[in-house]
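These notes concern the structure reproduced below.
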Amino acid sequence: MKRLLSFVLLLALAVPLLASCETNPSGENSGESLAESQTEESGMIPDENAKILWNEAFADKASGFENADEVYKLTAYSDGKELESFDSVPDGDNRYIFEGEDKTRVAVLSEGYALTLPGTNIEADFSLGALRSKYKGEGYVLTVTYEDQNPYGDNEKGFKIYYDEWLARYLENVEFLTENSIRRTRAAGSSETLLPGFVVNYYDMQINLASKMEYDYYSIAIVRPADSYEHFWLFVLKSDKKMTDEIDAVVASFKELEKKGTPVNSVGSYELKIPEFWNEETKAYYNKIQNQTTVDFGAFYEKNDPEYVKWLASEEALNNELDIFMTYYHIGWYGSNYTKTDIDLNFLNAQAGGNGFNGKPVLELTYQFSTTNNGLGGYTPMYDICRGRVDAQFRQLAKDIKAYGKPVLFRLNNEMNTDWTSYCGMQTMLDPDVFIDTWRRLYDIFKEEGVDNCIWIWNPIATSCPYSNWGDQLNYWPGSDYVQMLGLTYYQMNNDNLCESFRQMYTELYEKNTPWFDNFPAILGEFACGAGASVVYDWDKQQYVPADNIELKRQWQADWIKGMFDCFEKNQNSGYEFCKNIKIAVWFSANDYVDINGVSTVNNYLRLDEGVPLALQAFREGYAALKARREEQ
């Protein structure tokens, strides 16, 4: 009897179990779907909002994104702002982040792409959406940019010139990699099978001896449609471990979409923050220049020659001493190590020593992370700075500047958005973040050493080069906690037959910088108008030949200077908003030279002296009038 009861109980338990496993004729589960079953097992619930925004074009079956049912969290942005409702998505720069079980699918409609990222809980930065998208996951940061600014032509030859000059120049330079202790984690290569329909060039490297760097591995992919040279995509992945498989998976998941909307920079105007730790003398000087309506003038004097400084202020020249003395210092000089500072306090006190009120010139100190006067091709200090190897020199520099005592206009690493400085992005894995990291490192060391007399100037060149989104000046911005003045540099070299006026040039620059830097007082950290020279380079003959319009260009130079002073006189008037925030202007008073058959020959006259009498007279008259207006106020 007991055996019979046991059999009956066993049968009763078995029947529901068998029923739950029974399938219908189609082979599908007769109850919940497989996806629902897996959802219950994982404890994850699909985000119903994903169905509103999901498009089958976003799918990536290989990564587990076949449809919206496989999305467990949706985050959507429009013009940089996170959406709270999905019932009516506005037209604009729309970007969607679909989070799956262990990966994340991103769709950027305004730039026309979708891709899958490793991991979940991705932090997306779309603040500079017109330039780049940045995704931060566990142990990595991926930056994606769309590039279509090749000036050499949308063809195979033009693309090769652009690629060799501005993308691969240092990524493929063995000498550069060796001198900076960078090793490849796999051989550089090219693939047409990783992403069908595209040519993918890839570079994978590790920065050795970089324990102080958060990310010391780099994987870079340049992704171009196989049948077009009109545009390409740049992927820069930096990580705390080797991620060659992961970057390959990201590239393989990439899909071009139909573009909808226009990408925008949503960051708005950067906030001006005045440091509380400044001493009273520096605060007073900054307050003075921030509120003045006239312009202080200064110069970089060729070779820092004290005799030339004296002459330029004499009755024979300007008949007035300039307000600013500018000089350059480098982190090292052709093989010198980082054991001491090059700052000469006696020289600086003799030539400057001003505070804006004592009648002496205020010091503008331009400091550059270069050991070769920005000669490129081999060593750059940038990686050693990240490694912490230059901290001792930075601390000595900080102590010297503090000992100088008076306010310092500290212009660090000017013209970083170029291809000719040793701290440009081309030298740092196409990653402007390295520039930001090194800037902040020096700034923090100054604070630690109690430097309270430094006004930090961020000074890009007017036109970013390489022509690109990834290399645009805004990608180099260190942040409002680290900068107090905007530096401007736009040279009129007068090398062709069209001499744009000061007003034209700096209106263009003002419009480029608006609205990002509306809150910042500006300094023309260095600028000038050239007058050409007795020789000019003939590109057809590939040699220098005698110039035939010397006098005309010297007249243009003088007219340009007159127009500049006229703009500064009217800087509070309607139509002159472009120069309203310019408080200081520093003329680069040094000629350009070129070696011709072993003889150093002037290639362009920028220096104010007897060689350009018309320019010298225009500057003398304009500066005298400016000083007279200042005294009236």
Q) Looking only at the stretch 556-592, which residues have a backbone nitrogen under 18 Å from a spot 7 Å from the Cα of Glu632 in the C-beta direction? A) 565-574
(Q) Once R0 is set to 35 Å, what does the formula 1/(1 + (r/R0)^6) return for the Cβ-Cβ distance between Ile161 and Asp240, expressed as a FRET efficiency to the nearest 0.05? (A) 0.50
Q. How large is the accessible surface per residue of the chain, computed with a 1.4 Å probe and reported in Å² as a whole number?
A. 45 Å²
(Q) With only alpha-carbon atoms in the gyration tensor, what are the semi-axes of the equivalent ellipsoid for the stretch 53-206, in Å, largest first? (A) 32, 19, 16
Q: Considering only DSSP beta bridges where both residues belong to the chain, give the percentage that are antiparallel (nearest 5).
A: 70 percent
Q: Subtract the Cα-Cα distance of Glu172 and Glu307 from 0.36 nm times their separation in residues, and report this length gain in nm to one decimal.
A: 44.0 nm
Q. With helices defined as uninterrupted DSSP H runs, which ones in the chain have an alpha carbon span along their own long axis of at least 24 Å and mean Kyte-Doolittle hydropathy of at least 0.0?
A. 2-21
Q) Between Lys447 and Tyr537, how many nm apart are label points set 7 Å from Cα along the C-beta direction? A) 4.3 nm
(Q) Using Cα-Cα distances under 8 Å and only pairs 6 or more residues apart, what relative contact order does the stretch 267-389 have, in percent? (A) 22 percent
Q. Which whole-Hz ³J(HN,Hα) couplings does the stretch 94-110 yield from phi under the Karplus relation 6.51 cos²θ - 1.76 cosθ + 1.60, θ = phi - 60°, glycine and proline marked x?
A. 9, 9, 10, 10, 9, 9, x, 6, 9, 9, 9, 9, 10, 10, 10, 5, 5
Q: Kindly provide the helix-only [θ] at 222 nm of the chain, computed as the sum of -39,500 (n - 2.57) over DSSP H runs of four or more divided by all residues, to the nearest 500 deg cm²/dmol?
A: -8500 deg cm²/dmol
Q. Can you work out the FRET efficiency for the pair Ser191 and His231, with r the C-beta to C-beta distance and R0 = 25 Å, to the nearest 0.05?
A. 0.85
(Q) Given a 1.4 angstrom probe, I'd like the percentage of the accessible area of the chain that is carbon and sulfur, rounded to a whole number. (A) 48 percent
Q. In nm, what is the difference between 0.36 nm times the number of residues separating Phe347 and Asn208 and their Cα-Cα distance?
A. 46.1 nm
Q | Taking the chain and dividing mean pair separation by its residue count, relative contact order in percent (alpha carbons under 8 Å, at least six apart) | A | 11 percent
Q) For the modelled label position 7 Å from the Cα of Ser269 along Cα-to-Cβ, which residues of the stretch 555-594 have backbone nitrogen atoms closer than 20 Å? A) 571-584
(Q) Per residue of the stretch 223-234, what does 6.51 cos²θ - 1.76 cosθ + 1.60 with θ = phi - 60° give for ³J(HN,Hα)? Whole Hz please, x for Gly and Pro, Karplus curve as stated. (A) 10, 10, x, 4, 9, 8, 10, 6, 8, 8, 10, 10
Q) Can you flag which of Lys360/Lys399; Lys81/Lys260; Lys81/Lys136; Lys402/Lys580; Lys212/Lys402 are past 20 Å Cα-Cα? A) Lys360/Lys399; Lys402/Lys580; Lys212/Lys402
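The values are calculated or read from the model by the stated rules, or taken from the named source; none is laboratory data. Just so it is clear, the structure is predicted and the values come from calculations on it, not from any experiment. All Cβ positions, glycine included, derive from the backbone under ideal geometry; neighbour counts span all protein chains shown. Surface accessibility is based on the protein's heavy atoms, side chains included, excluding ligands, DNA and RNA. Shrake-Rupley method; radii C 1.70, N 1.55, O 1.52, S 1.80 Å.
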